[in-house]
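Worksheet: the structure to be examined is printed underneath.
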Amino acid sequence: MPPDQYASLLEDHGIKPTANRIVIAKALATIDHPMSLSELEYLILTIDKSGIFRTLTLFRECGLVHAIDDGEGTKYELCRSHHDTHDDDTHVHFHCECCHTTFCLDDIPIPEVSLPEGYLPQTTNYIVKGLCPKCAVRD
């Protein structure tokens, strides 16, 4: 994504594009897997942990990021939905129990779950755990 598009991306989600928010959005866009707060803090040395966390919270409230609980903590990824009214970027995630990396399986949609009457789903977190291709070869 060209640098000038990060400000537009934030504005499209109702977020004022400050320098720190652009840095965090860019970091999320350039990495190929969801990242934890600690990983982002290590990657972005110019913003402290609380600033990153506050920004991620804002991004989540505005629908710009997904938060994935992989059993080891929360990981964050940019939401690449193309709709304002619903999220069409829901997909399965894979968590490697060897290297502890969580991967997006973008081409595998989350299966629909029929809930009993009265239950109103808000979010879905679908994680498959095992060994990623790199770790599976090592064993």
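The values are calculated or read from the model by the stated rules, or taken from the named source; none is laboratory data. As the structure is a prediction and not an experimental result, all values here were calculated from the model. Cβ sites come from the backbone with ideal geometry, for glycine too, and all protein chains shown count toward neighbours. Quick note on the areas: whole protein, heavy atoms, side chains included, nothing else; ligands and nucleic acids left out. Shrake-Rupley method; radii C 1.70, N 1.55, O 1.52, S 1.80 Å.
Length gained on full extension, Leu131 to Thr90, computed as 0.36 nm times the residue gap minus the Cα-Cα distance: 12.6 nm. Rolling a 1.4 Å probe across the protein heavy atoms gives the range 12-65 an accessible surface of 57 Å² per residue. Our summary of shape: the Cα atoms of the chain have principal axis extents of 45, 41, 27 Å, ordered from largest down, in whole angstrom. Taking 0.36 nm per residue of separation and subtracting the Cα-Cα distance, full extension of the segment from Leu43 to Cys99 would add 18.4 nm.
Projecting the Cα atoms of Val65, Asn125, His100 onto the charge dipole of the chain (Cβ charges, centred on the Cα centre) puts His100 farthest toward the positive pole. Surface composition of the range 1-127: carbon and sulfur atoms hold 51% of the protein heavy-atom accessible area at a 1.4 Å probe.
Think of it as helices only: each DSSP H run of n ≥ 4 in the chain is worth -39500 (n - 2.57), and spread over all residues that comes to -10000 deg cm²/dmol at 222 nm.
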